[in-house]
Amino acid sequence: MTNLGKLLDFSTRLHKKNSEPVSPDAFRSNLDPELIDHILGKDDAVLMKDAMAIITDSSQSLENRKIAFENLEMVIYLENMNMWEPLIQQLSSLDPIIRMHAASVCGTAVQNNIDSQKCFLNNRGLEKVLSLFNLDDNPDVRLKSFYAVASEVRNNYAALEEFCKLDGWAIIVKYLKDDNYSTIQRKILFFIWSLLLQDIGVELVIDSIKLNQLQKELVHTIQRKEIQENAFEEALKCISLLYEKSPSIFDKNELVYIRNVIKSIKERDDFEAISKDDIKEISMQFGIIE
């Protein structure tokens, strides 16, 4: 009998006249587990266990493991299921696709989730994804690893402190120094800007920027053509907010460079990487009079 047939048969028996009331437990006891799953769908805990079993089974096809990662990413409650350790182990997989998906799931799990952030940090997850971000040969792995780093560090002072201890700022500087533009550079600039916007840890962020002379790299960054074409808004807003939070952070020569770039951008009628209102406001901040 098909699942639908079983359901109809049970429903008919359940509603027969003169039958006694049936409790929820009795209802479930008369249905086999496969039928319950078919009707109601598996609950999140079962889905997560099934997904992790496939992910950690190297005999499974790569496609099956990718699908399992995608399923796991949709029902993230890893701290309640003791799944952080097996997930973090996948960050060491020899297959870059597995490393990439593992980093992506980590990033989604910790994003704006205090409990997950604590568990990830306690399981040395930040150390692992930061290492992948710094050293992995695969650009997709590096990109997803940075997603996990940023998701863990934002609004998380303990993770920010650990990021500093692990020389995360030196890695940031290394990426910005690369004159070959990449999407990661734009995401890094947004990451710095978002840290400066936070209510917590801003002093530590500014101190770290000074220690690593990141402000100098930011000034160099906005002069690059590829940045102006692809990430100028992120770069200039980052500089603007940093200057607002720490007015003495840029020296005189750096301020001259910043003003010259702003002036040159204002003269370009075809420049659309930042709104006219934003460029006007930032111009006033840096004392540029029209």
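If you check S93, S116, S61, which single one turns out to be modelled with pLDDT of 80 or more, farther than 24 Å from F163 by Cβ and polar (S, T, N, Q)?
Just a single option satisfies the conditions, and that option is S61.
Tally time: how many residues in segment 188-206 are among the aliphatic types (A, V, I, L, M), surrounded by 15 or more Cβ atoms within 10 Å (Cβ to Cβ) and within 17 Å of Q111 (Cα to Cα)?
Total meeting the criteria: 3.
What single numbered condition from (1) buried (at least 18 other Cβ atoms within 10 Å of the Cβ); (2) assigned by TED's automatic domain parsing to the domain that holds A103 fails to hold for D137?
Condition (1) is where D137 drops out.
May I ask you to list the residues in segment 114-134 that are in contact with an Asp or Glu (Cβ under 8 Å, 6 or more places away or on another chain), among the polar types (S, T, N, Q) and in a helix (DSSP H, G or I)?
Within segment 114-134, S116, Q117 meet the criteria.
Can you tell me which condition F250 does not meet? The list is (1) farther than 22 Å from L195 by Cα; (2) surrounded by 15 or more Cβ atoms within 10 Å (Cβ to Cβ), and all the others hold.
(1)
For residues that are buried (at least 23 other Cβ atoms within 10 Å of the Cβ) and either closer than 13 Å to V205 by Cα or not assigned by TED's automatic domain parsing to the domain that holds Q111 (or both), tally how many sit in segment 143-159.
Looking only at that region, the number is 3.
Report the residue count in segment 121-139 for those that are touching a Ser or Thr at 6+ places or on another chain (Cβ under 9 Å) and free of Cβ contacts under 8 Å to residues at least 40 places away in the same chain.
The total comes to 3.
Please work out which residue is nearest to D207 (Cα to Cα), limiting yourself to segment 275-289 and to residues that are outside any helix (DSSP H, G or I) and at pLDDT 90 or above.
Within segment 275-289, the match that is nearest to D207 (Cα to Cα) is F286.
Report yes if V105 is crowded, with 16+ Cβ neighbours inside 10 Å and at pLDDT 90 or above, otherwise no.
When the stated conditions are applied, V105 passes them.
Report whether or not K225 is under 25 Å from C164 (Cβ atoms) and of a type outside the set (S, T, Y).
Against the criterion (under 25 Å from C164 (Cβ atoms) and of a type outside the set (S, T, Y)), K225 does not qualify.
Here are some residues: S240, S264, S208, S248. Which one is more than 18 Å from Y175 (Cβ to Cβ), at pLDDT 95 or above, among the polar types (S, T, N, Q) and part of a helix (DSSP H, G or I)?
Result of the check over S240, S264, S208, S248: S240.
What number of residues within segment 217-235 are surrounded by 17 or more Cβ atoms within 10 Å (Cβ to Cβ) and either touching a strand residue (DSSP E or B) at 6+ places or on another chain (Cβ under 9 Å) or in a helix (DSSP H, G or I) (or both)?
So the answer is 10.
Among (1) modelled with pLDDT under 95; (2) among the polar types (S, T, N, Q); (3) within 30 Å of I97 (Cβ to Cβ); (4) assigned to a helix (DSSP H, G or I), which single condition is N180 missing?
(4)
Any residue in segment 232-259 that is in the same structural domain as K210 (by TED's automatic domain parsing) sitting within a Cβ distance under 6 Å of a residue that is buried (at least 17 other Cβ atoms within 10 Å of the Cβ) and among the hydroxyl-bearing types (S, T, Y)? List the pairs, counting only those 6 or more apart or interchain.
A235/T221
The values are calculated or read from the model by the stated rules, or taken from the named source; none is laboratory data. Model, not experiment: these values are computed from the prediction. A quick note on method: Cβ atoms are made from the backbone with ideal geometry, for glycine too, and the neighbour counts reach across all protein chains shown.
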